[in-house]
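Okay, structure first, notes after.
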Amino acid sequence: MNTPEYILLLDVETANTVDDPLVYDLGIAVTDRKGRIYEEYSFIIYDVYRCERELMQSCYYAWKIPTYERLISANESKIVQFSTARRVVRQLMKKYNITNVAAYNAYFDQNALNTTLRYIFKSSKYNRYFFPYGTKFWCVWHMACQVICTQTTYQRWCRAHGFISPSGNVQTNAETVYAYITQDPHFQEEHKGLDDVRIEAAIMAHCFRQHKAMKKNIFRGCWRIPNTKSIKEKFAA
């Protein structure tokens, strides 16, 4: 029996600005190309969630706090220091011999984790990168834009259900892509770390099931792939 290729899939929720995001919710799962989950964790980051209360009380985040308190009380999420979350991630990578880390918008998640690490440890030269040296990053968003969002059925589905931006582009976010693969146009993403990891595992598995050549690297302009001029003209009303 072949050993599966294990992948660490993660999702973060952050406070502060987009340019300097601080992680307060980290969801992680050990998965594989078929979307099977072997271990999963929901971590609420003490250093931000408890220690940066002014940020967490802002209008954008404050409504989430009661939900997180219920998750913590029910032991569905564990409140830990950021250093503990980082140690668990590295232990999982060692345990499963993982070198590939995936996220839907991998650029943002990677940057947010590094930014949070440097903020907490005051940019110590020993604590600048969250992941071990040599880690490879897969962007599920880039993958989906190539092999799901370019499909004729996806393009038609988005137009039929109004998943089109004011500029006429089909939406490519995780919520829309998951709604498509489950054929549930009313699906709403939880925007909580572990919940989002689970849907992203399903999206990644769906990408691999297409059996098409695709790049997995970070490409911040990947949304343009299914929104070329030729594709938009093909589906123009």
Which pairs in the list 94/125; 94/136; 95/212; 78/125 are over 25 Å apart, alpha-carbon to alpha-carbon? 95/212; 78/125
Expressed in nm to one decimal, what extension gain is obtained for the pair residue 232 and residue 152 from 0.36 nm per residue of sequence separation less their Cα-Cα distance? 27.7 nm
Phi-derived 3J(HN,Hα) across segment 131-143 with the Karplus relation (6.51, -1.76, 1.60, θ = phi - 60°), rounded Hz, x for Gly and Pro, is 9, x, 4, x, 5, 9, 10, 9, 10, 5, 4, 4, 4
If you count only protein heavy atoms with a 1.4 Å probe, what accessible area per residue comes out for segment 78-237, rounded to a whole Å²? 52 Å²
What does segment 123-165 give for Rg and for Dmax, in Å, if only its C-alpha atoms count? 18.2, 52
Residues of segment 1-75: accessible area per residue at 1.4 Å, in Å²? 52 Å²
Which one, [x] 8, 36, 39, 16, 1; [y] 7, 31, 34, 21, 6, 0; [z] 7, 31, 37, 19, 5, 0, gives P(r) over Cα pairs in 10 Å bins from 0, in percent as derived from the coordinates shown? [y]
Cβ-defined net charge surrounding residue 181, 12 Å radius [Lys, Arg +1; Asp, Glu -1]: -2
Count neighbours as other Cβ atoms within 10 Å of each site's Cβ, and list the chymotrypsin sites (Phe, Trp or Tyr not before Pro) in segment 130-215 that are DSSP loop with at most 12 such neighbours. 133
Rounded to the nearest Å, what's the spacing between the alpha carbon centres of segment 167-229 and segment 99-134? Just the number, please. 23 Å
Among 170, 231, 183, which residue has its Cα positioned farthest towards the positive end of the charge dipole of the chain, with +1 placed on the Cβ of Lys and Arg, -1 on the Cβ of Asp and Glu, and the dipole taken about the Cα centre? 231
Treating only Lys and Arg (+1) and Asp and Glu (-1) as charged, each at its beta carbon, one finds that the chain has a dipole about its Cα centre, in Debye to the nearest 20, of 940 debye
Using only the Cα atoms of segment 1-104, what do you get for the radius of gyration and for Dmax, in Å? 15.1, 52
Residues in segment 32-51 near a label at residue 182, defined as backbone nitrogen under 17 Å from the 7 Å Cα→Cβ point? 35-37
Using a 1.4 angstrom probe on heavy atoms only, work out the carbon and sulfur share of the accessible area of segment 96-237 in %. 51 percent
For segment 1-96, state which chymotrypsin sites (Phe, Trp or Tyr not before Pro) are in a DSSP loop and have at most 13 other beta carbons lying within 10 Å of their beta carbon. 63
Please list 3J(HN,Hα) in residue order for segment 79-84, calculated via the Karplus relation 6.51 cos²θ - 1.76 cosθ + 1.60 where θ = phi - 60°; whole Hz, with x for glycine and proline. 8, 9, 6, 4, 5, 5
Need one number: nm distance between label points at residue 165 and residue 69, each 7 Å from Cα along Cα→Cβ, rounded to one decimal. 3.8 nm
Counting helices only, and only those DSSP H runs with n ≥ 4, report the 222 nm mean residue ellipticity of the chain as the sum of -39,500 (n - 2.57) divided by its residues, in deg cm²/dmol to the nearest 500. -12000 deg cm²/dmol
In order over segment 156-161: 3J(HN,Hα) from phi, Karplus 6.51/-1.76/1.60, θ = phi - 60°, whole Hz, x for each Gly or Pro, gives 5, 5, 4, 5, 5, 10
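The values are calculated or read from the model by the stated rules, or taken from the named source; none is laboratory data. Treat the numbers as computed from the prediction; the structure is a model and nothing was measured. Here the Cβ is made from the backbone with ideal geometry for all residues, glycine too, and neighbour counts use every protein chain on show. Surface accessibility is based on the protein's heavy atoms, side chains included, excluding ligands, DNA and RNA. Shrake-Rupley method; radii C 1.70, N 1.55, O 1.52, S 1.80 Å.
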